[in-house]
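The values are calculated or read from the model by the stated rules, or taken from the named source; none is laboratory data. On a predicted model such as this, the values are computed, not experimentally measured, just so you know. Because the Cβ atoms are built from the backbone with ideal geometry, glycine has one as well, and the counts that use them run over all protein chains shown. For the accessible areas, the whole protein counts, side chains as well, though only heavy atoms, and no ligand, DNA or RNA atoms are used. Shrake-Rupley method; radii C 1.70, N 1.55, O 1.52, S 1.80 Å.
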Amino acid sequence: MNHSTTPAAPKPLPVGRRQLLLMAAVLPLAGWRIQQSAEAAPLRWEGMALGAPTSLVLYHGGDTPRAQAALDATLAEVSRLEGLFSLFRADSWLSKLNRVGRVDNAPAEFIELLHTALDMAELSHGVFDPSVQPLWSLYFEHFVLGGNTRPPAMDKVMAAKALVGWRGVHLADSTVRLARPGMGLTLNGVAQGFITDRCSDVLRSHGFSHMLVDMGEPRAVAAKPDGTAWQIGLADPRAPGQALHTLSVVDQAVATSGGYGTMLDAAGRYTHLINPHTGRTAPALESVTVVAPNATQADALSTTLALMPKGDVAARLALLRTQPGCRAICIDQTGQVSELS
């Protein structure tokens, strides 16, 4: 995924789905940096979370010590939540679940987010499926680690697909159990939005109300102090460094899913978005952006809509109707922009 938001720039920079890799280099907390303008507003921070670039723009009214304390608390929350949802941290709760097939006494946020993912799986009839990890592992190991240019053998795809099925994820209070050996979960389709929401809550608890929080999916909390909206550009899938469409956002979150965010082969025929029903990946040159009341909702919904056939407008609209206050902006391989609401 390639989100990049720079509201103070003359033109909004494009946002697109960030890269989600099983193995990713992550900056330690000590390596995260703050950029602060001479006029003390806004405070700008850039870093990494869940293997993807993240950022924060915070208007603090000149109270730099209070802003620094709020930022420290926010970074501590990011680190804590990575300890729940990270696929590349061996000590995370998600890694432990995938390794042994069961966890007991899981933290409340882990259970909450897994319920959210399973609810979206049910609403989408399994198009969104957190148990798609075996297929992702197969494609990643085949293309990225193995250096192959041709697709994996169909028998391997079918074997991985046989391990996918959200109904095999069993929750009982704080216990999570996977039904079959070899199953694995990923929460990458929703965790970054969830972390964005939690970080927004932390900053608001410190008394701040004008901010753009992007922990993988951007959320605009209130307007800028001058009353203007935050401007977020949507990337052109054919040229992800260029903005094709611009959104004005106040008190809303934005999430974009598109295969171009991580293309597994040089030709772009295989991407990180995998349809669990077919075992095939989503097209590289298409994207779906969702504007929603919160980033968790936007994240899950954009992933789901991107995996639905673009021609099945009725199914996309039916899913949107279950999510009040949401709208979707679709960009196809020709660059045409259309909206569903």
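What the table below lists for this structure:
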quantity	calculated
Selected residue [modelled with pLDDT under 50 and either of a type outside the set (A, V, I, L, M) or more than 30 Å from GLU286 (Cα to Cα) (or both)] from GLU109, GLU77, GLU39	GLU39
Residue identified as closer than 30 Å to ALA223 by Cβ and either in contact with a Pro (Cβ under 8 Å, 6 or more places away or on another chain) or modelled with pLDDT under 95 (or both) among SER205, SER131, SER200, SER209	SER209
Unmet requirement for SER248, which otherwise passes all of (1) touching a residue at least 60 places away in the same chain (Cβ under 8 Å); (2) assigned to a strand (DSSP E or B)	(1)
Condition met for LEU244 (touching a Pro at 6+ places or on another chain (Cβ under 8 Å) and closer than 24 Å to ARG316 by Cα)	yes
Hits in the range 209-232 (condition: open to solvent by 10 Å² or more (accessible area, probe 1.4 Å), part of a loop (DSSP other than H, G, I, E, B) and in contact (Cβ under 8 Å) with a residue 24 or more places away in the chain)	HIS210, ALA222, ALA223, LYS224, PRO225
Scope the range 136-166; condition of a type outside the set (A, V, I, L, M), open to solvent by 30 Å² or more (accessible area, probe 1.4 Å) and on the phi < 0 side of the Ramachandran plot; matching residues	GLU141, HIS142, GLY146, ASN148, THR149, ARG150, PRO151, ASP155, LYS156, LYS161, TRP166
The range 117-128, residues that are of a type in the set (Gly, Ala, Ser) and either more than 18 Å from LEU178 (Cβ to Cβ) or modelled with pLDDT under 95 (or both)	SER124
Single residue of GLY279, GLY258, GLY335, GLY325 found to be at positive phi and in contact with a helix residue (DSSP H, G or I) (Cβ under 7 Å, 6 or more places away or on another chain)	GLY279
Failed criterion for SER86 (all others in (1) surrounded by fewer than 17 Cβ atoms within 10 Å (Cβ to Cβ); (2) under 18 Å from the mean Cα position of the chain (by Cα); (3) among the polar types (S, T, N, Q) hold)	(1)
Qualifying residues in the range 175-208 (those that are surrounded by fewer than 20 Cβ atoms within 10 Å (Cβ to Cβ) and touching a His at 6+ places or on another chain (Cβ under 9 Å)) - the one farthest from ARG66 (Cα to Cα)	ALA179
